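To start, the structure itself, in structure tokens.
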Amino acid sequence: MSSHPSQASGGQRIAIAAAIDVVAVLAFVTIGRRSHHENGSVVVGALRVAAPFLIALAAGWLAARAWQRPMAMPTGITIWLVTIVGGMLLRRFAWNDGAAFPFIIVATLFTGCFLVGWRMLAEWRAERGGEQRGAAPDV
């Protein structure tokens, strides 16, 4: 495997991007549950909170056709918007959980920073590496 995700093969890039996105959603849920001192099974509770966002994340990947350019920032923006809107709607209507305004704000900011942010860094690194080698980046 390559030393940096932007240098990996197509299949590896898709797997890496998908894994980073899933970890970002799980980190959001885990940090949120810990900050609110949620009781009960850690795994079951985390999966219950994460499920609508993971489903929406998958929908975001489909909407963005993320497999074509999994590490591109525009891909991340689409994934983020679908994940947050879809996740909140699923949370409210399929899981019958509320979504207080502060939760919506925190969820939007956290997932935006992570689902878009890592792609921004990957593009920046690819551009910087391309400048050093004299080649155009392919993110």
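The values are calculated or read from the model by the stated rules, or taken from the named source; none is laboratory data. Predicted model only: the values in this text are computed from it and were never measured. Positions of Cβ are backbone-derived with ideal geometry, glycine not excepted, and every protein chain shown enters the neighbour counts.
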Residue among Thr83, Thr108 that is polar (S, T, N, Q), under 18 Å from Val22 (Cβ atoms) and either at pLDDT 95 or above or touching a Leu at 6+ places or on another chain (Cβ under 6 Å) (or both): Thr83
Give me the residue from segment 26-53 that is touching a Gly at 6+ places or on another chain (Cβ under 8 Å) and in contact (Cβ under 8 Å) with a residue 12 or more places away in the chain and, out of that set, farthest from Ala94 (Cα to Cα). Arg33
Suppose we keep only residues that are at pLDDT below 95 and exposed (fewer than 15 other Cβ atoms within 10 Å of the Cβ) within segment 12-29. Which one would you say is farthest from Pro70 (Cα to Cα)? Ala27
